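**Student:** The structure is given below, and queries will be raised subsequently.
No lab work stands behind these numbers, since they all come straight from the coordinates. This one's a predicted model, so the numbers in the text were calculated from it and none came from an experiment. In this analysis, Cβ positions are derived from the backbone assuming ideal geometry, glycine residues included, and neighbour counts consider all displayed protein chains.
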């Protein structure tokens with residue numbers, strides 16, 4: 001019934017499938033059983049404001065919905081999560097259908113996009129570190145050039161020590 005891999009908590013016992021943010025944002029839904037959570041922590045606001053967000057730490061197996069022929073069309077009644085109904089549907093016949101959970105291909109695409117962004121950020125850090133090292137080396141080279149200039153001017157080699 002869903003596990004929040006962003007904050008490391010089980011939303012409802014018995015299921016370790018990932019909770020992902022629904023396409024409209026504002027709530028997370030289990031990719032397998034469709035349990036909904038509208039947030040339990042202060043950090044949830046940031047996560048829930050990103051429609052379609054999939055937790056980076058969610059293992060690949062947790063992103064694949066359970067394939068079971070015995071699951072009915074309306075698998076579970078609404079559950080209470082943090083004092084709120086866990087069902088996004090509105091009561092009555094005019095209720096809109098719940099959004100479909102992301103497909104395995106969509107989840108994998110998002111995971112690959114996040115991995116690529118992480119790599120780009122990491123390489124940006126490396127480039128920044130290299131720039132800083134080059135600047136430090138340039139300062140040292142300049143200091144050596146100044147010292148050599150003094151030696152040439154005065155003839156005193158002790159200035160190099």
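**Student:** In nanometres, what is the gap between the two model label sites at residue 158 and residue 56, each 7 Å from Cα along Cα-to-Cβ?
**Tutor:** Distance between label points: 5.7 nm.
**Student:** Compare the peptides 132-145, 17-30 by average per-residue count of other Cβ atoms within 10 angstrom and give them in order, highest first.
**Tutor:** 17-30, 132-145
**Student:** Let me ask something else. In square nanometres and to one decimal, what's the mean projected area of the convex hull around the Cα atoms of segment 107-161?
**Tutor:** Result: a mean projected hull area of 4.3 nm².
**Student:** May I ask you to compute the full-extension gain from residue 151 to residue 103, defined as 0.36 nm times their residue separation minus their alpha-carbon distance, rounded to one decimal in nm?
**Tutor:** Taking residue 151 through residue 103 to full extension adds about 10.1 nm, to one decimal.
**Student:** Continuing with the same structure: Where the centre of each part is set by its Cα atoms, how far does segment 1-55 sit from segment 119-136, in angstrom?
**Tutor:** Centre-to-centre (Cα) distance: 35 Å.
**Student:** Could you check the spin-label model distance between residue 9 and residue 137? Points 7 Å from the Cα along Cα→Cβ, value in nm.
**Tutor:** 5.0 nm
**Student:** Right, another one. Please give the length that would be gained between residue 24 and residue 126 if that part of the chain were fully extended, namely 0.36 nm times their separation in residues minus their C-alpha to C-alpha distance (nm, one decimal).
**Tutor:** Taking residue 24 through residue 126 to full extension adds about 33.1 nm, to one decimal.
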